[in-house]
Amino acid sequence: MTITTIGLDADDTLWHNETIFRLSQKRFAELLGDHADEPVMMERLAEVERRNLRLYGYGIKGFTLSMLETAMELCDGEAPPHIVREILAAGREMLVHPVETLPGVDEVLAELVEQYRLVLITKGDLMDQERKLAASGLGELFAAVEIVSEKDRSTYHRVFQRHGSGAAEAVMAGNSMRSDVLPALEAGAYACHIPYEITWTHELADAPENHPRYVSLSKILELPDWIRTITK
């Protein structure tokens, strides 16, 4: 089998992301500790996030708006001004948080780019994702960057057709079973799951069983060797 194109997710595949969200959630829980128990609060925030995805999309700005909305609900529409200010401050801090690439990313991408076309395929806010890519120092390694509103079968079909030789000769690697693996397989690509230490509940899904184009690896450093096994 010929592989010409490698698609890579960004957040929690190339650099840390969900840990930053969890820190903000902890701050949110501390701010509203007098209004609800933490499990109830986190469940309510998750519900609001899911409800707002179709309006705000993925990313920090939508998350900040969801925290504000949840705070208003928990405070019966009268969230104290200091809580609103703290939530807005948390959102701003997330937007300027330093980018820290995950172990092995630099060397793996440097190796893969010698033989394959690399395409970054990520969800989220356009400006924030562009900022993180620039700060990571990895931008020049990618032949193309696709920041999309959703990752589904048609997304992968379109992206790998546009920037490669089609999904059949492409690999998608990422930490999300729901967004990086299952729809890429549906499009006809190979898919590699590289779990991160924390996964947002919205991105959880069952792994495919006995799929010939799927693999789960423990770290990105294992990706080049696996790709070599499918190109023999």
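The values are calculated or read from the model by the stated rules, or taken from the named source; none is laboratory data. If you're wondering where the values come from, they're calculated on a predicted model, not measured in any experiment. Here Cβ is always computed from backbone atoms with ideal geometry, including for glycine, and neighbour counts include all displayed protein chains. Surface accessibility is based on the protein's heavy atoms, side chains included, excluding ligands, DNA and RNA. Shrake-Rupley method; radii C 1.70, N 1.55, O 1.52, S 1.80 Å.
Laid out as a table, the results:
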item	result
Solvent-accessible surface (1.4 angstrom probe) belonging to Arg92, in square angstrom, nearest 10	140
Structure-based [θ]222 nm, the chain - -39500 (n - 2.57) summed over DSSP H runs of at least 4, per residue, nearest 500	-14500 deg cm²/dmol
Solvent-accessible area of Lys219 with every protein chain in place, 1.4 Å probe, in Å² to the nearest 10	100
Calculated log₁₀ intensity ratio I(q)/I(0) where the Debye formula runs over C-alpha points of the stretch 166-219, q = 0.14, 0.18, 0.22, 0.24 Å⁻¹	-0.31, -0.51, -0.75, -0.87
Share of carbon and sulfur in the accessible heavy-atom surface of the stretch 47-185 [1.4 Å probe, %]	51
For the chain, with +1 on Lys and Arg beta carbons and -1 on Asp and Glu, the positive-most of His97, Gly188, Phe28 along the dipole	Gly188
Accessible area in square angstrom per residue, the stretch 158-232, 1.4 angstrom probe	47
Local net charge near Thr19, Cβ-Cβ under 15 Å (Lys/Arg +1, Asp/Glu -1)	-3
Ranked by how many other beta carbons lie within 10 Å on average, peptides 15-21, 164-170 from highest	164-170, 15-21
For Glu38, solvent-accessible area (1.4 Å; no DNA, RNA or ligand), Å²	110
Cα centroid separation - the stretch 7-31 against the stretch 131-191, whole Å	20
Equivalent ellipsoid semi-axes, the stretch 77-232, via Cα gyration tensor eigenvalues times 5, rooted, Å	31, 18, 15
Order of exposure, largest accessible area first, which applies to His202, His157, His97 with probe 1.4 Å	His157, His97, His202
Rounded to the nearest 20 debye, dipole of the stretch 1-86 from Cβ charges on Lys, Arg, Asp, Glu	340
Debye, to nearest 20: dipole size of the stretch 95-232, +1 on Lys, Arg Cβ, -1 on Asp, Glu Cβ	380
Compactness index (Cα Rg / 2.2 N^0.38 Å), the stretch 1-114	1.34
Pairwise Lys count, the chain - Cα closer than 17 Å, eight or more residues apart or different chains	4
Qualifying chymotrypsin sites (Phe, Trp or Tyr not before Pro) in the stretch 41-131, DSSP loop, other Cβ atoms within 10 Å at most 11	none
Rounded to the nearest 20 debye, dipole of the chain from Cβ charges on Lys, Arg, Asp, Glu	740
Amide H contacts of Ala173 (H built 1.01 Å from N, under 5 Å, at least 5 apart or other chain)	Gly7, Leu8, Asp9, Cys192
Solvent exposure of the stretch 1-120 as accessible area per residue, Å², 1.4 Å probe	50
Residues with amide H under 5 Å from that of Val148, placed H, sequence gap 5 or more	Thr122, Lys123, Gly124
Formal net charge of residues neighbouring Glu93 (Cβ-Cβ distance under 11 Å; K, R +1; D, E -1)	+1
